[in-house]
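Take a look at the structure set out below.
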Amino acid sequence: MSVAISARGLVKGYHDGLRWLEVLRGVDLEIEAGELVAIVGPSGSGKSTLLHLLGALDRPTGGRLEIGGVDPATLSRGQAAAFRNRTLGFVFQFHQLLPDFTALENVMMPGRIARRDPSETLKRARALLEEVGLGDRLDHTPGQLSGGECQRVALCRALALEPPLLLADEPTGNLDPDNGRAVFDLLLDLVQRRGSTAVVVTHNPELAGRCARLFALDHGVLRGASKA
Amino acid sequence: MAPPRPHRLPLLARPWALPVLLALRYGATARKQAFTRLLSWLAMVGIALGVAALILVQAALAGFQALLKGQVLARTPQVEVTVPADADLEAAEASLAAVPGVSSQWRVISGRAWLVTLGRVVPVEVIGYSGSVPPTFPGAAGAEPGLYLSARLARLHGLERGSPVEVISPRPTLTPLGPQPRSIRLPLAGTFEGAASDEGERVALPLAAAERLFAPARPRFEVDAGGLDEAVALAPLIAGALPGAEVRTWREINRGLLFALALEKRITFVAVLLVVIVASLSLVAALSLLIASKKVELGILGTMGAEPRLLLATFLALGALLAGLGTSAGALLGVGLAWLFDATRLITVPGDVFFVRHVPFRLEPMDLAATVGLSLALALGAALYAARRVLLLDPIEAIRR
């Protein structure tokens, strides 16, 4: 399952106490359902901010955004949380696994939040971790796993509920080139097999080039989209 | 790299509510943080000590008050009926006897007088009764009419059965030779049990003797209803049968004492409850610290779709867990100590000052329920106060590094 994303004139700004700063300046974005797109840009260009808006974690100051026909800005905090749980999977640069929980429990967490059956959730989480080659790491906590392993667990957690949209913020930014490539291969493979829409923010032109479309963000302006 | 832990059912696979599972895990990991652990222990131990102290104090007060009430109520008429001055006493007595529930009744005249024995004078409250000795004189109730003193007074004055006792009324009789004191002399018929009343020693004697001492005082009626609750139910029936009569039950007669006892218990409860309140503040500190240290993880849960109220419920559950453990331990300690102190009569008091030689402990189910309920409510309130901070948590702020 996948969703389409449509953004029109998306603006995000804030007051820093002295002046009004615009991080996103009228971003227009059309992503088709099932598409895999990359967003590249230098630090401070607004990539993470855009991803936060797409992830219903923040609200735009102006413009209109629709994800699968839903405008996240119209949702209450509780509704936005339910929307994230149902629709989105996040992968962060620093894996952001819960350190008090094992790899298996981390992957089970979205299912438990969604009030899915615990034994089904367990079965599904175990199968996912085995699929990414971590079948012997189920009971390890993040502190007992390597960076690449943690990111693979984070990938499993993001895909645990088969979300229609995967948002990845520099998913390989904290890994060495080999591990980064392996994780990215895994991400592409998992997303393509599930047919999910995916938006990947990355610094790495080589990895970005492997996505179906490429957007460049500079100083809050989406400078143009090109077919990779 | 540390070796993997042996495989077991993950916590999250248990079919319990997620906030409970999260609370259990955060409670377990909080133990690894020295300061959080210290604050959690302080809160739990504080709540336990507070609950134990509340239970002990309530039990001691309940035991003491039950004894005092028992003593006072034993010498208080269950119902006291005073008919108007112009009422026919015979007719009133007949009406009273016809009220269903009146098991027995006496005519009574009372007043202040002096007891004179072997040259010593003791101020006393004289109670003249009709028929046999009323039940307000435990130990002598139902005995043949005569003059009865408390066993203590008789012992103090070396009086034995048959010893002559003189009672002098403060009301003189006016004669052509001037006011003459009224006095009667009767042999001691026996003794009754019980400590001195607030007014001093009591003397029971036949109604005719009291009438001589206190004329023209009119007698009132004292009614035995067969029980304290029955007496309260009977009072309106008597008032209906005897229009114009003043009807007072043991409750009204001892209103001041009963109010003072209830007030004493309430004030002591509130005072000792302060310990639990202070312990609850430790709980606020422990939970606040834990929430601050888990800010990032809570933000990550937020990105996964955990609603703020789920996170709130998590820390409420953790607060309830700590409070529940503290309250249970305190309740066990309090009940155990109260039982031990009572069984071993460990805490002694001077018997001539109080009317007992040890502090009795009595566990009242209502006191226990109130203590446990209020302690849990306070701790949950504290947990809610600390946990509501998670409602303000912004996932973006939490995950931004």
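One table, with the values for the structure above:
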item: With DNA, RNA and ligands ignored, accessible area of residue B:16 (1.4 Å probe; Å², nearest 10); result: 120
item: Projected area averaged over orientations for the stretch A:1-101, convex hull of C-alpha atoms, nm²; result: 8.2
item: Relative compactness, the stretch A:150-214, computed as alpha-carbon Rg over 2.2 N^0.38 Å; result: 1.01
item: Mean ellipticity per residue at 222 nm, deg cm²/dmol - from DSSP H runs of n ≥ 4 across chain B, formula -39500 (n - 2.57); result: -17500 deg cm²/dmol
item: Among B:228-238, B:320-330, the order from most to least packed when residues are scored by Cβ within 10 Å on average; result: B:320-330, B:228-238
item: Spatially close lysines, pair count over the protein assembly as shown: Cα under 18 Å, gap of eight or more or interchain; result: 4
item: Area of residue B:173 that stays accessible when all protein chains are in place (1.4 Å probe, Å², to 10); result: 60
item: Antiparallel DSSP beta bridges within chain B, percent to nearest 5; result: 80
item: Size of electric dipole in the protein assembly as shown: Cβ of Lys, Arg +1 and of Asp, Glu -1, about Cα centre, debye, nearest 20; result: 1060
item: Kirkwood Rh in Å, taken over chain B so that all alpha-carbon pairs contribute; result: 26.6
item: Unit charges on C-beta of K, R, D, E only; dipole of the stretch A:27-115, Debye; result: 360
item: Efficiency of FRET from Cβ geometry, residue B:278 and residue B:37, R₀ 22 Å, rounded to 0.05; result: 0.70
item: Accessible surface, 1.4 Å probe, highest first, among residues B:295, B:265; result: B:295, B:265
item: Most to least accessible of B:137, B:259 (protein chains only, probe 1.4 Å); result: B:259, B:137
item: Dipole of the protein assembly as shown [Lys/Arg +1, Asp/Glu -1 at C-beta], most positive-end residue of A:113, A:182, A:138; result: A:182
item: Calculated Rg and Dmax of the stretch B:221-285 using C-alpha coordinates, Å; result: 20.6, 65
item: Average beta carbon contacts from partner chains per residue of A:107-116, 10 Å cutoff; result: 4
item: From the C-alpha gyration tensor of the protein assembly as shown, square roots of 5λ in Å; result: 88, 25, 19
item: Within a Gaussian network of chain B (alpha carbon springs, distance under 10 Å), most fluctuating of B:269, B:35, B:214; result: B:35
item: Table column - 3J(HN,Hα) (Hz), the stretch B:131-140, Karplus curve with 6.51, -1.76, 1.60, x for Gly and Pro; result: x, 7, 4, x, x, 6, 10, x, x, 10
item: Relative contact order for the stretch B:184-310, counting Cα pairs under 8 Å that sit 6 or more residues apart, in percent; result: 10
item: Share of alpha-carbon pairs per 10 Å distance bin for the stretch A:68-191, given as whole %; result: 14, 45, 32, 9, 0
item: Fluctuation leader among B:12, B:207, B:177 - chain B, Gaussian network, Cα springs under 10 angstrom; result: B:177
item: Relative contact order of the stretch A:61-192, pairs being alpha-carbon contacts under 8 Å that are 6 or more residues apart, as %; result: 32
item: Where B:400, A:112 fall by accessible area, highest first, once all protein chains stay in place (1.4 Å); result: B:400, A:112
item: Alpha-carbon gyration tensor eigenvalues x 5, square-rooted, for chain A, Å; result: 29, 20, 16
item: Nearest-10 value in Å² for the accessible area of residue A:162, using the 1.4 Å probe; result: 90
item: Chain A, helix-only ellipticity at 222 nm - DSSP H runs n ≥ 4, -39,500 (n - 2.57), divided by all residues, nearest 500; result: -10500 deg cm²/dmol
item: Normalised convex hull volume, the stretch B:241-336, alpha-carbon set, Å³ per residue; result: 197
item: The stretch B:160-192 versus the stretch B:249-270: alpha-carbon centroid distance in Å; result: 37
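The values are calculated or read from the model by the stated rules, or taken from the named source; none is laboratory data. Values in this document were obtained by computation on a predicted structure and should not be read as measured data. Backbone-built Cβ (ideal geometry, glycine too); neighbour counts: all protein chains shown. Note: accessible area is taken over every heavy atom of the protein model, side chains too, but ligands, DNA and RNA are not part of it. Shrake-Rupley method; radii C 1.70, N 1.55, O 1.52, S 1.80 Å.
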